[in-house]
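The values are calculated or read from the model by the stated rules, or taken from the named source; none is laboratory data. Everything numeric in this text was worked out from a predicted model, so none of it was measured. Please note: Cβ atoms are built from the backbone with ideal geometry, for glycine as well, and neighbour counts cover all protein chains shown. With ligands, DNA and RNA removed, areas are computed over all heavy atoms of the protein, side chains included. Shrake-Rupley method; radii C 1.70, N 1.55, O 1.52, S 1.80 Å.
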Amino acid sequence: MQKTTITITTPKGLDKCLADEVRTLGYPITWAGSSGVKTQGTFLDAMRINLHLRTGHRVLYLLKSFPCRNADDLYRSVREIPWETII
């Protein structure tokens with residue numbers, strides 16, 4: 001599977017602990033903010049991160065990125081995602 005952005009949220013104030021946990025798991029921090037961090041990885045990496053984090057709330061895996069000017073753009077682009085291979 002292809003690597004993409006993985007965003008991990010956390011309560012404000014635990015961002016440094018979360019970043020340390022992610023680094024300990026062997027993933028680089030590509031962005032850090034007061035309520036989360038971003039890293040790069042595959043879908044399997046996102047599942048592994050989700051299993052091993054203690055300070056992370058949500059592990060969000062970027063499936064697809066696209067421009068969206070209106071609802072039709074959104075629905076068309078979401079329909080193009082191969083859901084049957086993901087779920």
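Worth pointing out:
- Among R23, R54, R69, residue whose mean-square fluctuation peaks in a GNM of the chain (springs only between Cα atoms under 10 Å): R69
- Charge tally around R76: other residues with Cβ under 14 Å, Lys/Arg +1 each, Asp/Glu -1 each, net 0.
- Helix-derived mean residue ellipticity, 222 nm - over the chain, DSSP H n ≥ 4, -39500 (n - 2.57), to 500: -10500 deg cm²/dmol
- Helix 43-52 axis versus longest C-alpha principal axis of the chain: approximately 30°, rounded to the nearest ten.
- If you run the Gaussian network model on the chain, springs between alpha carbon atoms under 10 Å, then out of D20, D45, D72 the most flexible one is D72.
- Accessible solvent surface per residue of the chain, calculated while the other protein chains remain in place, 1.4 angstrom probe, Å²: 70
- Nearest-ten-degree value, helix 15-24 long axis tilted from longest Cα axis of the chain: 90
- Set of lysines near K64 by C-alpha distance (under 23 Å), chain-local residues within fewer than 8 positions excluded: K3, K38
- Estimated translational D of the chain in µm²/s (Stokes, Kirkwood radius over Cα pairs; 4 °C; 1.567 mPa s): 93
- Furthest towards positive pole of dipole, W83, L18, M1, structure part the chain, Cβ charges: L18
- Pair V78, L25: separation of 7 Å Cα→Cβ label points (nm): 2.6
- Most fluctuating residue given options P28, P11, P67, as computed from a GNM of the chain linking Cα atoms under 10 Å: P67
- If the chain linking M47 and K12 were pulled fully straight, counting 0.36 nm for each residue of separation and taking away their Cα-Cα distance, it would gain 10.3 nm.
- Shown here for the stretch 1-73: chymotrypsin sites (Phe, Trp or Tyr not before Pro) in loop regions (DSSP other than H, G, I, E, B) with at most 15 other Cβ atoms within 10 Å, of which there are none.
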